[in-house]
Amino acid sequence: MTPDPLAALFAELGRLRELSRLEAEFTRRGFVLVAGVDEAGRGSLAGPVVAAAVILPPRAVLPALDDSKKLDAGTRSRLDAEIRRCAVAVGVGCVEARQIDADDILRASLEAMRRAVCLLEPAPEALLVDAVRVPGVSVPQVPVVHGDALSVSIAAASVVAKVHRDRLLDELGRRYPVYGFEAHKGYGTPEHWDALNRYGPCPEHRLTYRGVVPAPDPEPSGAPARRRRAQSG
């Protein structure tokens, strides 16, 4: 049966209307500038964690917008450009690998979100955040579990954060070509683990992540006793 393009269009408009339901409720309560906030890169072995905050205008229509993990790279790139073109404000915050090691990934992710929100101009009146609350921000917040699939502004933030981070990892791929960052974006693929085993970590790796720094080889049985005898002799 031939697909009906008009039916597909109405189905997509219906999906987008449902995706905007949370923002519509905020508008009904008098909030105009509602920002969606999300991050990318928490599970990566290398590179920064990146967060984005996006305020969309009321009734924004962005066909194909969805959780960034469900979209291919070309669609994400196109949507990133459209989001930046139509958004009231966009902010992006990054926390580098060394700070992730010093603080832990949760604190680093929250700090990246805080930085992204603080860069919004105009400032938001309320936040919709993917699953967490952003510390150090004094406006009302609603954590939304799986928010990138349930909120249009969180979905937009997920796309912006993912595209921005992917471009940073492409640059790291040029600086450290043996790791192939441009292909796996720092995640633990077999190719990435193989490169780590061969070359060890680079300055952009997260050294506190399990396996990034190889564990020392266990000493053969009897080695400590032999070493003590050698030292006493």
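Where a number appears in this text, it was derived from the coordinates with a stated rule and is not lab data. Just so we're clear, the structure is a prediction, and the values are computed from it rather than from any experiment. Glycine also receives a Cβ, built like all others from the backbone with ideal geometry; neighbour counts cover every protein chain displayed.
In the elastic network of the chain, a GNM with C-alpha springs shorter than 10 Å, the most mobile of R78, R59, R29 is R29.
Computed extension gain for V213 through A73, at 0.36 nm per residue and net of the alpha carbon distance, reaches 47.4 nm. Taking the longest Cα principal axis of the chain as reference, the axis of helix 5-19 is set at about 70 degrees.
When only Cα pairs below 8 angstrom with a gap of at least 6 residues are kept, the chain shows a relative contact order of 25 percent.
Run the numbers for N197 and D170: contour at 0.36 nm per residue of separation, minus the present Cα-Cα distance, in nm. Walk me through the numbers on the way to the answer.
On the way: separation 27, 0.36 × 27 = 9.72 nm, distance 2.12 nm.
The N197-D170 span can extend by a further 7.6 nm.
Note on the chain: Kirkwood radius taken over Cα pairs, Stokes-Einstein applied at 25 °C and 0.890 mPa s, translational D equal to 126 µm² s⁻¹. Under the simplified labelling scheme, the V32-R107 pair shows an inter-label distance of 3.9 nm, with each label point 7 Å from Cα along Cα→Cβ. If you run the Gaussian network model on the chain, springs between alpha carbon atoms under 10 Å, then out of D72, D104, D170 the most flexible one is D72.
Please figure out what share of the DSSP beta bridges in the chain is antiparallel and state it in percent, rounded to the nearest 5. Walk me through the numbers on the way to the answer.
Numbers: 14 of 22 bridges.
Taking every DSSP beta bridge within the chain, about 65 percent pair in antiparallel fashion.
The order of the peptides 123-133, 199-209 by mean Cβ neighbours within 10 Å, most packed first, is 123-133, 199-209. Couplings for the stretch 187-197, taken from phi via the Karplus curve 6.51 cos²θ - 1.76 cosθ + 1.60 with θ = phi - 60°, read 7, x, 6, x, 5, 5, 4, 4, 5, 5, 5 Hz in order; Gly and Pro are left as x.
Across the stretch 130-143, coupling constants 3J(HN,Hα) worked out from phi with the 6.51/-1.76/1.60 Karplus curve, θ = phi - 60°, read 5, 6, 10, 10, 8, x, x, 10, 9, 9, x, 10, 10, x Hz, and Gly and Pro carry x.
Give me the number: length gained by fully extending A183 to E25, i.e. 0.36 nm times residue separation minus the C-alpha to C-alpha distance, one decimal in nm.
Working: separation 158, 0.36 × 158 = 56.88 nm, distance 4.00 nm.
So the chain would gain 52.9 nm between A183 and E25.
A helix-only calculation puts the chain at -14000 deg cm²/dmol for mean residue ellipticity at 222 nm, using -39500 (n - 2.57) for each DSSP H run of at least four residues, averaged over all residues. Build a GNM of the chain with springs between Cα atoms under 10 Å apart, and of A73, A116, A215 the one that fluctuates most is A215.
Annotation: amide H of R206 within the under-5 Å range of A46, G47, sequence separation 5 or more or interchain, hydrogens built in the peptide plane.
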